[in-house]
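K.L.:
Below you will find the structure I want to go over with you.
Bear in mind these aren't lab numbers, they're just calculated from the coordinates by the rules spelled out. Since the model is a prediction, treat every value here as computed from it, not as a measurement. Because the Cβ atoms are built from the backbone with ideal geometry, glycine has one as well, and the counts that use them run over all protein chains shown.
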Amino acid sequence: MKKVINHQVVHIPHAFFTPNHSKFSYIFYWDSFFMFRGLIRTKREWLMKEMVENFMYLLETYGAVPNFNAPGAMGRSQPPFFSSMILDTYNGYYYAYKKKNKFLKAITALDDPKRWLKRAIIYAKLEYEKVWIDKDRIHYHSVPGWTLSRYGDRDIGYAHSSEIESGWDFTSRYYNRADDFFPIDLNVYLYKYERDFAKIASILGDKEEFELWKNVTQKRKDAINEYLWNENEGFFFDYDYTHKLQSTFLSLAGFTPLWAGLADQKQAEKMVKKLELFETDYALTITAKESLAPKVRLQGLPSAYRIGLEDMLRAKQWDYPNAWPPLEYLTVVGLLKYGFLDVARRLMEKYIRTHAKLFREYKTFFEKINGVTGEPSGRYDYELQLGFGWTNAIFYRYTQILDSIDKGEALYVEPKLQMPPYKLAIPH
């Protein structure tokens with residue numbers, strides 16, 4: 001039989017999972033991190049290591065973890081979560097089980113967890129240095145003179161593809177100028193990388209490298225607080241470096257410093273007050289209604305101008321009133337880390353109630369929902385997707401977290417001996 005080669009797919013060497021079986025039937029970068037939430041502590045947790053190995057292969061072969069494994073997507077990446085996925089795997093049952101099982105430990109000595117961690121983190125550092133710090137300015141992620149990073153595209157590099165790389169395709173948040181902004185979420189994710197590198201150096205017993213990454217982490221934290229934190233508003237915003245202006249656009253991205261443990265307790269207490277701008281009876285909307293463009297009368301303009309302006313001003317799929325599981329999840333976990341248990345619990349229960357109702361009615365989960373009506377979101381740049389990887393996984397993870405809380409299991413690791421952000425005892 002003749003072998004059929006699919007030229008629309010960049011082939012990968014290991015087992016993998018995809019967000020759904022239709023439009024998103026490739027491996028997607030940041031989707032995979034959220035889908036890990038549904039694998040943790042299950043019999044299919046072994047797939048996490050397979051996916052990390054696939055990303056290592058893509059980094060070694062193509063120089064980046066692409067948006068997804070298709071030729072047309074290789075020039076851009078997606079929000080970076082590779083170091084987190086490596087630690088998920090290292091701390092998971094895959095290695096814990098092998099440590100306890102004498103037979104497996106004996107025959108798989110070459111797959112020692114610390115040896116694997118040391119190998120995997122080399123690839124994460126490669127991605128961090130070559131792709132996101134991007135001193136050679138190949139990926140359009142660096143701006144001379146700045147510590148902070150932006151989204152870009154190796155092959156194209158303009159605003160439209162930068163917005164696709166952000167994962168927020170598309171949103172009013174960047175005013176159609178995504179490559180002009182240092183996004184709060186991207187820089188928080190890179191701060192998390194730097195903290196992970198320090199943590200892994202400690203695990204591997206490298207004190208010198210631990211101190212190096214500790215200093216790098218502090219440098220980014222200082223830059224984020226200087227340019228992206230607004231003391232008067234009590235919230236984190238994107239920064240338009242071309243005009244040297246802090247954005248005023250309110251989005252759930254502003255809560256990601258809680259997830260990464262970057263905010264201090266005073267900042268966290270101010271940030272939580274902003275939740276009322278996002279919370280509905282069903283979900284957290286991805287952006288605040290008040291940040292949408294105001295209604296503007298364009299009837300008197302020539303059609304050539306009006307079409308462009310209407311496109312720029314219309315609400316997009318990563319805008320209010322839509323609710324997207326990934327940023328909801330990061331917000332909820334951030335609230336847990338800072339001790340806002342009652343708020344986090346309310347949001348988790350609301351998520352489960354909303355999506356369970358939809359599943360009973362439609363027999364599926366959805367990529368996103370309308371946060372105001374609690375119904376499936378409408379069509380935007382493509383048909384609403386069913387399935388759906390991150391929605392399913394986060395539903396499952398919330399049930400596990402709530403179950404742990406209801407059983408009286410320890411939520412935090414020695415919370416009384418430290419200040420927030422607390423280290424969560426439960427898998428998250």
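K.L.:
Arranged by the count of other C-beta atoms within 10 angstrom, fewest first, what order do Phe235, Phe55 take?
P.N.:
The most exposed by this proxy come first: Phe235, Phe55.
K.L.:
Scan [x] 141; [y] 182; [z] 170 for the value of volume of the Cα convex hull per residue in Å³ calculated from this model and give just the label.
P.N.:
Label of the calculated value: [y].
K.L.:
Could you check which residue among Ile401, Ile200, Ile122 shows the biggest mean-square fluctuation in a GNM of the chain with a 10 Å Cα cutoff?
P.N.:
The residue that fluctuates most here is Ile122.
K.L.:
Using a Gaussian network model of the chain whose springs link C-alpha atoms within less than 10 Å, name the residue from Ala410, Ala253, Ala73 with the highest mean-square fluctuation.
P.N.:
Comparing Ala410, Ala253, Ala73 in a Gaussian network model of the chain, the most mobile one is Ala410.
K.L.:
Next question, about the same structure. Expressed as a whole number of Å, what is the distance separating the alpha-carbon centroids of the range 188-231 and the range 359-420?
P.N.:
First find each Cα centre; the distance between them is then 29 Å.
K.L.:
In sequence order, what are the phi-derived ³J(HN,Hα) couplings for the range 330-345 according to the Karplus relation 6.51 cos²θ - 1.76 cosθ + 1.60 with θ = phi - 60°, rounded to whole Hz, with x for glycine and proline?
P.N.:
Once θ is set to phi - 60°, the couplings for the range 330-345 become 4, 5, 4, 5, x, 4, 4, 5, 9, x, 8, 5, 4, 5, 4, 5 Hz.
K.L.:
Would you mind calculating the gained length between Thr42 and Thr364 on full extension (0.36 nm times residue separation, minus the Cα-Cα distance), in nm to one decimal?
P.N.:
113.8 nm
K.L.:
How do Leu402, Leu347, Leu327 line up, fewest other C-beta atoms within 10 Å first?
P.N.:
Leu402, Leu347, Leu327
K.L.:
Using 0.36 nm per residue of separation minus the Cα-Cα distance, give me the extension gain between Ala15 and Glu60 in nm, one decimal.
P.N.:
14.4 nm
K.L.:
Follow-up question, since we're still on this one. Please tell me the relative contact order of the chain in percent, rounded to the nearest whole number, where contacts are Cα pairs under 8 Å and at least six residues apart. Intermediate results must be reported in sequence, preceding the final value.
P.N.:
Working: 683 pairs, mean separation 60.7, N = 428.
Normalised by residue count, the contact order of the chain is 14 percent.
K.L.:
May I have the extent of the alpha carbons of the range 287-408 along their three principal axes, as whole Å values ordered from largest to smallest?
P.N.:
Taking max minus min along each principal axis of the Cα atoms, the range 287-408 gives 64, 34, 20 Å.
K.L.:
Another question about this same structure. Mind giving me the FRET efficiency for Arg297 and Asp112? R0 is 60 Å, r the Cβ-Cβ distance, nearest 0.05 is fine.
P.N.:
0.35
K.L.:
Label Glu276 and Lys244 with points 7 Å out from Cα along Cα→Cβ: what is the distance between them in nm?
P.N.:
3.6
K.L.:
Now a separate question. Could you tell me whether the range 213-290 comes out rounded, prolate or oblate from its Cα gyration tensor? Rule is a ≥ b ≥ c as square roots of the eigenvalues, rounded for a/c under 1.5, then prolate if a/b exceeds b/c, otherwise oblate.
P.N.:
Details: a/c = 2.16, a/b = 1.43, b/c = 1.52.
Here the range 213-290 falls in the oblate category.
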